[in-house]
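What follows is a short report on a single structure.
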Amino acid sequence: MVQAFGKVILFGEHAVVHGQPAIAMPLRAISVTVKGEKTAEGGLRLVSDQNPEGLPISDATLDQALRLPIELALKHFNINPTPNLLLRLHSTIPVASGFGSGAALSTALIRAVAETLQLSLERETLNALVYEIEKLHHGTPSGIDNTVIVYETPIYFVKDQPIQHLTVGKPLHFLVATLPHATPTYITVGDVAKLYAANSERISAIFKTIGQLVEWGRQAITEGDAPAVGHLMQANQHHLQTLSISDNLLDQLCDAALDAGAMGAKLSGGGRGGNMIALVTPDLQAQVEAALLANGAVRVISTILS
Ligand code: PMV
């Protein structure tokens, strides 16, 4: 059985699309699992929560997010004709929620094909394959989602540069809250691109400032300086507001988290709904979680960066 975790972005979303660094970490509380087995006949079929009976991979009604990774894996390994294989998929990652569900599906499915057919697959190759699919779904992704999900480690990421693992001085406790609404990432990414086109000097200065915050964030994480991480999250959120990426509920949830004792809070991912992330101390975690739920969060997940 193979598993791929969800992910959450801590610093640098949006600016990362324009060449600045960002920091992201796996979200191990939610995942996609795929169990593969060779069968005597029946071609390649996929059983999922939506298709408990199982559908042939060639079935046109099968979701592209499921079909494309499997097709790409077969092409990559040059497997022809289609093998007899049954893949059973189960996901606890909500779709289109900023948790990297698409990249996690692709990662788990490609890994499952390789593992069941006993074919070796380097992480670097897997990452490149998943990025291909991300591009088909999202247009101009930075590649941060597939990278953190494939490598399953906290990362400092710069587009088109080799992955850098993050050193964590002391464990940091976070709460990740989901909002009841979301905006597709390609829309917010497109809106930021429009802002940039209209006023490139000013917006490029904001991207650079965010990039600097990410550098300081990396340093604070390495040194285990939680209060500094919290302050930098605040500053990052301020610039995301200027980029028109936050919204009323995101701002409200950030304020509620801070009022309840969080050290820092910001939106996470594409913005205008989706998710927000708050840095907490273990003793105030329950209080901050209650404040988030009371202010409209639909779900709160706790995670530790270590
Ligand atoms: O997938 P999301 O919604 O968490 O957003 C990814 C982060 C962005 O910087 C907004 C886009 C990207 O490709 O990096």
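What follows draws every value from the coordinates through simple rules; no lab data is involved. Owing to the predicted nature of the structure, the values given are computational and were not obtained by experimental measurement.
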Whole-Hz Karplus couplings 3J(HN,Hα) for segment 161-172, θ = phi - 60° and coefficients 6.51, -1.76, 1.60, Gly and Pro as x, run 10, x, 5, 10, 6, 9, 8, 10, x, 9, x, 10
Considering only DSSP beta bridges where both residues belong to segment 15-92, give the percentage that are antiparallel (nearest 5).
70
Around R299, which amide H atoms from residues at least 5 apart in sequence, or from another chain, sit under 5 Å from its own amide H, with H modelled in the peptide plane?
T178
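Starting from the Kirkwood Rh over alpha-carbon pairs, what translational D in µm² s⁻¹ does segment 190-306 have by Stokes-Einstein at 20 °C and 1.002 mPa s?
Result for D is 144 µm²/s.
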Sorted from largest down, give the three principal axis spans of the alpha carbons of segment 15-63, whole angstrom values.
49, 26, 20
Measure of compaction for the chain (Cα Rg per 2.2 N^0.38 Å):
1.02
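At 20 °C and 1.002 mPa s, grab the translational diffusion coefficient of segment 135-220 from Stokes-Einstein with a Kirkwood Rh over Cα pairs, rounded to a whole number in µm² per second.
It diffuses with D of about 138 µm²/s by this estimate.
Would you mind computing Rg(Cα) / (2.2 N^0.38 Å) for segment 31-112, counting N as its residues?
Dividing the Cα Rg of segment 31-112 by 2.2 N^0.38 Å gives 1.03.
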How many angstrom lie between the Cα centre of segment 33-58 and the Cα centre of segment 79-145?
15
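How big is segment 1-143 by the Kirkwood estimate over distinct Cα pairs, in Å?
Kirkwood hydrodynamic radius for segment 1-143: 15.7 Å.
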Hey, what do the phi angles of segment 60-65 turn into as Karplus ³J(HN,Hα) couplings, whole Hz, using 6.51/-1.76/1.60 and θ = phi - 60°, x for Gly and Pro?
5, 7, 5, 3, 4, 4
Helix-only mean residue ellipticity at 222 nm for the chain, each DSSP H run of n ≥ 4 adding -39500 (n - 2.57), per residue, nearest 500
-14000 deg cm²/dmol
